[in-house]
Amino acid sequence: MRRLLLLCLIAIATWPALARAETLTVSSREVADEKAVFATVESVSVVPARARIGGTVAQLHVREGDAVTRGQAIAVVGDEKLVLQMKSLDAQILALQAQADQAQIDFDRIQGLVERGTLPRTNLDQARTALNVAQNNLRSKTAERGVVQQQLTEGQVLAPDDGRVLKKLVTVGSVVLQGDPIVTIAQQNFKLRLRVPERHALFLKAGDKVRVDGAELGEQGDKWGVIDLVYPQIEEGRVVADAIVTGLGQYFVGDRLRVWIPGGTRNAFVIPARYVTTRFGIDYVQLRQRDQTVVVPVQRGRELPSADLPDGLEILSGLRAGDQLVLP
């Protein structure tokens, strides 16, 4: 009698915990039959940073792998002829400034004499013409100096866009012409270039999701991306496609990653991995049957993570649709 009372008390104490246990109803769901392929990290485009003037590379501020922003000065191209031309123009401007000042003094003096009637008005017209010529010559030479100054400013080689330097094409001291490339820059937005066997061409389309293994990225969780473009031409028996995956800016251009792509669909039982326990090499789940919980063995398949079920695990056998799983 005492033993029966003890069992009843234990049952009453464990009943609320059993009722509150987290349960999950097993149901078949359509999953993508994923295929593993290799993809290459590539830039959306590779653009050269070109010299705007000809001359000698005097400075080079970047090296391979450096991150640059649009408009950043990455090199300086110098031309000694421009420096000499600038000095010559400065001297000519000083001379023309002196002539303009003297013409202004002569004009003021003649204007006073004409007003007093000492000189005829024709002398005033000649002085005014000489003053205008001197001032216009000064403006012309100043504008010419501005052109040379702009050419000197264009000696700075600027980054055409945000990205990373892939390769330096010249060294300090190299002689370059106008338009010659100095460095090549990979634009900042990287993508994955996939080459898929042509038998999967029917299943691959723009908008499909792709999965990158977390181990490939050195992270815990997987990364998800979207197929952006499927190229219509098959090259060497492979379909080429581009996928956009966020967070590829820290990887090397040309780095190879394993990517899982959809290769059709099928029905499967997928449950969270936390509902499965392993003992002595055998996997078990807990099922709710009437008012009790039983432990049954199952055969696990491969992991099938998704955006709504990050720890998804396929169960090959041991479960039926409608079973109530209890979280251990």
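The values are calculated or read from the model by the stated rules, or taken from the named source; none is laboratory data. Owing to the predicted nature of the structure, the values given are computational and were not obtained by experimental measurement. So basically every Cβ, Gly included, is an ideal-geometry build from the backbone, and we count neighbours across all protein chains shown.
When region 274-283 is filtered for residues that are buried (at least 17 other Cβ atoms within 10 Å of the Cβ) and assigned to a helix (DSSP H, G or I), only 275 remains. Against the test of being over 27 Å from residue 223 (Cβ atoms) and without any contact (Cβ under 8 Å) to a residue 24 or more places away in the chain, the options 294, 285 yield a single qualifying residue, 294.
Go through region 284-308 and give me each residue that's part of a strand (DSSP E or B), within 43 Å of the chain's Cα centre (by Cα) and surrounded by 11 or more Cβ atoms within 10 Å (Cβ to Cβ).
299, 300, 301, 303
Using the structure shown, decide if residue 172 is surrounded by 12 or more Cβ atoms within 10 Å (Cβ to Cβ), closer than 30 Å to residue 49 by Cβ and out of contact with any Pro (no Cβ under 8 Å at 6 or more places or on another chain). Taking the combined requirement at face value, the residue does not satisfy it. Sub-6 Å Cβ pairs linking a first residue in region 311-327 that is small (Gly, Ala, Ser) to a second residue that is assigned to a strand (DSSP E or B) and surrounded by 15 or more Cβ atoms within 10 Å (Cβ to Cβ), at least 6 apart or interchain, are 312/270; 318/298, ordered by first then second residue.
Could you pull out the residue among 242, 222, 213 that is touching a Lys or Arg at 6+ places or on another chain (Cβ under 9 Å), buried (at least 17 other Cβ atoms within 10 Å of the Cβ), modelled with pLDDT under 80 and not assigned by the TED database to the domain that holds residue 69?
Values: 242 fails: modelled with pLDDT under 80; 213 fails: buried (at least 17 other Cβ atoms within 10 Å of the Cβ).
Selected residue: 222, the only one of 242, 222, 213 that is touching a Lys or Arg at 6+ places or on another chain (Cβ under 9 Å), buried (at least 17 other Cβ atoms within 10 Å of the Cβ), modelled with pLDDT under 80 and not assigned by the TED database to the domain that holds residue 69.
When the residues of region 232-247 are filtered to those that are under 19 Å from residue 260 (Cα atoms) and among the β-branched types (Val, Ile, Thr), the one that is farthest from the chain's Cα centre (by Cα) is 239.
Counting only residues that are of a type outside the set (D, E, K, R) and modelled with pLDDT under 85, which one in region 262-288 is nearest to residue 323 (Cα to Cα)?
Among those that are of a type outside the set (D, E, K, R) and modelled with pLDDT under 85, it is 265.
Flag: residue 149 does not match the condition of being surrounded by 17 or more Cβ atoms within 10 Å (Cβ to Cβ) and either on the phi < 0 side of the Ramachandran plot or of a type in the set (Ser, Thr, Tyr) (or both).
Can you work out which of the residues in region 309-318 that are closer than 15 Å to residue 269 by Cβ and part of a loop (DSSP other than H, G, I, E, B) is modelled with the highest pLDDT? Here the answer is 318.
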